[in-house]
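Peer 1: First the structure, then my questions, so here it is.
The values are calculated or read from the model by the stated rules, or taken from the named source; none is laboratory data. If you're wondering where the values come from, they're calculated on a predicted model, not measured in any experiment. Cβ placement follows ideal geometry from the backbone for every residue including glycine, while neighbour counts extend to all protein chains displayed. Heavy atoms of the whole protein, side chains included, go into the accessibility calculation; ligands, DNA and RNA do not. Shrake-Rupley method; radii C 1.70, N 1.55, O 1.52, S 1.80 Å.
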Amino acid sequence: AAARGCGGVWRRAWQRGAGGPAPAPRGQRAAACNARGGAVPAGKSGLTPWVPVVGLEIHAQISSNSKLFSGSQVQFAAPPNSLVSFFDASLPGTLPVLNRRCVEAAVMTGLALKCSINKKSLFDRKHYFYADLPAGYQITQQRVPIAANGSLSYSLCIDNKMSQMVTKTVRIKQIQLEQDSGKSLHDDTRSQTLVDLNRAGVGLMEVVMEPDMCCGEEAAAAVRELQLILQTLGSSQAVMAEGQLRVDANVSVHRPGEHYGVRTEVKNINSIRFLAKAVDYEIQRQIEELENGGTILNETRAFDSKLGCTVPMRDKEGKQDYRFMPEPNLPPLILYDAKSLPANTNHQQVVNIDWIHERLPDLPSVKRAKLVERYGILPEHSFTLLNEDGLTEFFENVVKQTQMKPKKVIGWILNDLLSYLKQHSLTVKESPVSSFLLADLLNLLEKKEISSTAAKQVLVELWKGEGKTPLEIVKEKKLELLQDQKELEQICQAVIDGQENEVIMMVLG
């Protein structure tokens with residue numbers, strides 16, 4: 001249900017743009033995209049370039065043991081309909097009970113994204129019919145969300161060069177708490193649809209971004225940064241493959257200085273790579289449609305990853321179709337800070353914004369800066385370390401156990417370890433070469449007991465996971481460097497003695 005959009009919020013943003021010429025910041029963003037090498041395409045006509053407008057709605061599943069309004073357990077891939085309470089199934093007489101953990105996660109996320117936290121927020125009912133929505137409505141926060149007016153800074157490469165990075169910012173319209181819907185399982189062979197309500201009522205945070213982006217690359221970079229922030233906070237595991245992070249992309253195009261174009265919404269994108277492709281395809285599709293004299297429909301589309309294109313799903317619902325109304329069974333959500341907290345308050349019964357703020361961990365941007373300062377590595381290397389789950393810890397463990405300088409260690413980590421893992425579709429945790437083994441190998445290299453070429457040979461053997469240490473492999477393959485000058489002279493003399501004719505010919509010349 002959440003992944004079907006917050007309709008009204010986005011509609012207002014595009015209506016503001018449609019009421020007059022694009023504002024100055026939009027032109028600046030378009031110029032920046034164009035400067036990166038064609039992010040704002042001119043279309044087949046080659047005339048005035050088009051200005052794409054991209055905004056995102058991101059639904060993040062909150063890391064919580066139970067659902068937003070019931071005590072049902074949250075578990076991925078549980079047997080169908082095994083985690084459904086009476087409230088989840090919308091049986092008459094059942095009432096919602098708000099999950100404190102979900103509220104704290106939303107506040108934490110809002111603070112990390114520089115949002116204003118509303119001390120009083122409201123819940124609403126969003127009505128629509130769908131088979132996996134038992135109540136016929138979704139409980140969300142349409143009017144007064146828990147957080148609003150924030151921003152997210154993210155970095156991306158210029159012309160795909162890691163050494164040339166630019167930092168950009170997207171505004172956060174709001175963050176709202178809402179419940180997820182169930183899941184429809186379509187059985188084409190029997191021409192029937194089955195419904196699994198395990199996911200019904202799971203707590204979601206919907207992060208609504210303003211239309212401040214202009215291409216798939218920017219959208220992908222923003223979502224990746226948000227994903228890292230959520231995982232750092234622990235407010236969401238944000239595993240896209242498990243549906244814990246789903247993205248809806250709103251896309252339109254217009255000529256510079258003209259009104260915003262009609263937007264389309266590409267729904268339920270579950271991969272950052274697919275997000276970039278879906279946005280760029282939709283931009284180009286709209287440009288070609290308009291240049292061929294066609295019109296863009298305000299519709300919902302889906303991205304077909306196999307075909308690499310978006311396909312129409314349905315006409316876009318209007319705000320009035322959802323028939324929003326206040327949720328009568330939930331009072332306003334009241335939050336406190338240190339100043340407003342009443343005396344003699346039971347801290348288990350309230351949420352203290354300042355208490356949460358004091359316990360925020362270092363965000364990815366801070367972690368990157370510390371890595372650069374502590375180890376003297378390049379800024380672009382810090383991005384790679386954080387982007388790969390577990391790679392930062394692996395790198396730091398190797399540095400602690402080796403005498404090699406961090407600047408040299410990072411080369412082995414990124415060029416050899418990471419390349420192998422990607423080639424074999426392995427995660428860092430699945431690596432057959434542990435941080436201890438790699439450190440052991442690099443120590444041999446640093447002590448000049450083996451050459452760099454020999455070290456790479458040893459690494460190839462370590463990938464096999466046969467349980468041998470680097471030193472055992474070195475001795476077995478006889479890869480040691482000779483340190484004894486007399487022994488080296490004896491080997492050279494033996495070679496000369498065994499090739500007398502060649503030596504004579506060389507001397508005679």
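Peer 1: Only one of these is part of a helix (DSSP H, G or I), of a type outside the set (A, V, I, L, M, F, W, C) and closer than 20 Å to Ala221 by Cα: Arg273, Arg246. Name it.
Peer 2: Arg273
Peer 1: I'd like the full set of residues that are hydrophobic (A, V, I, L, M, F, W, C) and either assigned by the TED database to the domain that holds Thr392 or free of Cβ contacts under 8 Å to residues at least 12 places away in the same chain (or both), limited to the range 336-354.
Peer 2: Leu341, Ala343
Peer 1: Only one residue in Ser435, Ser451 is without any contact (Cβ under 8 Å) to a residue 40 or more places away in the chain, out of contact with any His (no Cβ under 9 Å at 6 or more places or on another chain) and among the hydroxyl-bearing types (Ser, Thr, Tyr). Which one?
Peer 2: When all the criteria are applied, what remains is Ser451.
Peer 1: Applying the selection to the range 176-211, what residues are among the β-branched types (Val, Ile, Thr) and open to solvent by 10 Å² or more (accessible area, probe 1.4 Å)?
Peer 2: Thr189, Thr193, Val195
Peer 1: Let me ask something else about it. Pull up the range 326-350, narrow it to residues that are at pLDDT below 95 and hydrophobic (A, V, I, L, M, F, W, C), then point me to the one that is most open to solvent (accessible area, probe 1.4 Å).
Peer 2: My answer is Ala343.
Peer 1: Among (1) in contact with a Leu (Cβ under 9 Å, 6 or more places away or on another chain); (2) open to solvent by less than 50 Å² (accessible area, probe 1.4 Å), which single condition is Gly390 missing?
Peer 2: So Gly390 meets the others, but not (1).
Peer 1: I would also like to ask the following. Quick one: in the range 355-403, of everything that is touching a residue at least 60 places away in the same chain (Cβ under 8 Å) and among the hydroxyl-bearing types (Ser, Thr, Tyr), which residue is nearest to Val433 (Cα to Cα)?
Peer 2: Thr384
Peer 1: Would you mind stating whether Leu441 is open to solvent by less than 20 Å² (accessible area, probe 1.4 Å) and either farther than 15 Å from Leu479 by Cα or at pLDDT 95 or above (or both)?
Peer 2: Yes, satisfied.
Peer 1: Quick one: count up the residues across the range 304-324 that are modelled with pLDDT of 95 or more and closer than 21 Å to Lys126 by Cα.
Peer 2: Matching residues across the range 304-324 total 0.
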